[in-house]
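Contents: one structure, followed by commentary.
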Amino acid sequence: MFVCICRAVTEDEVHDCIAAGAKSARQVRDITGAGGDCALCVRKVCAMLKKGDALVTSA
């Protein structure tokens, strides 16, 4: 599923970016482009980052 329609960035791409070490929506944007146009997807990216942090800290 797409996270960012404007740049056609998928959930998998954002997950891969987070797994590679992205810690902020800005870092995700710089790598994938998500949030670089209308920014409506930034909340979704932030939620994905928060879930990624929870998975890392609980492991």
Count of the range 20-59 residues which are β-branched (Val, Ile, Thr) and open to solvent by 90 Å² or more (accessible area, probe 1.4 Å):
3
Can you work out which of the residues in the range 1-14 that are touching a residue at least 12 places away in the same chain (Cβ under 8 Å) and part of a helix (DSSP H, G or I) is farthest from LYS51 (Cα to Cα)?
GLU13
Take VAL28 and tell me if it is among the β-branched types (Val, Ile, Thr) and in contact (Cβ under 8 Å) with a residue 40 or more places away in the chain.
no
Would you point out which residue out of ALA47, ALA34 is in a loop (DSSP other than H, G, I, E, B), of a type in the set (A, V, I, L, M) and under 12 Å from the mean Cα position of the chain (by Cα)?
ALA34
Among residues of the range 15-39, those that are small (Gly, Ala, Ser) and closer than 12 Å to ASP53 by Cα, counted:
4
Specify the residue that is nearest to the chain's Cα centre (by Cα); the eligible residues are those in the range 1-14 that are among the hydrophobic types (A, V, I, L, M, F, W, C) and surrounded by 14 or more Cβ atoms within 10 Å (Cβ to Cβ).
VAL14
Report whether or not CYS17 is assigned to a helix (DSSP H, G or I), in contact (Cβ under 8 Å) with a residue 12 or more places away in the chain and surrounded by 11 or more Cβ atoms within 10 Å (Cβ to Cβ).
yes
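The values are calculated or read from the model by the stated rules, or taken from the named source; none is laboratory data. Keep in mind that what you see is a predicted model, and the values were worked out from it rather than measured. Glycine also receives a Cβ, built like all others from the backbone with ideal geometry; neighbour counts cover every protein chain displayed. For the accessible areas, the whole protein counts, side chains as well, though only heavy atoms, and no ligand, DNA or RNA atoms are used. Shrake-Rupley method; radii C 1.70, N 1.55, O 1.52, S 1.80 Å.
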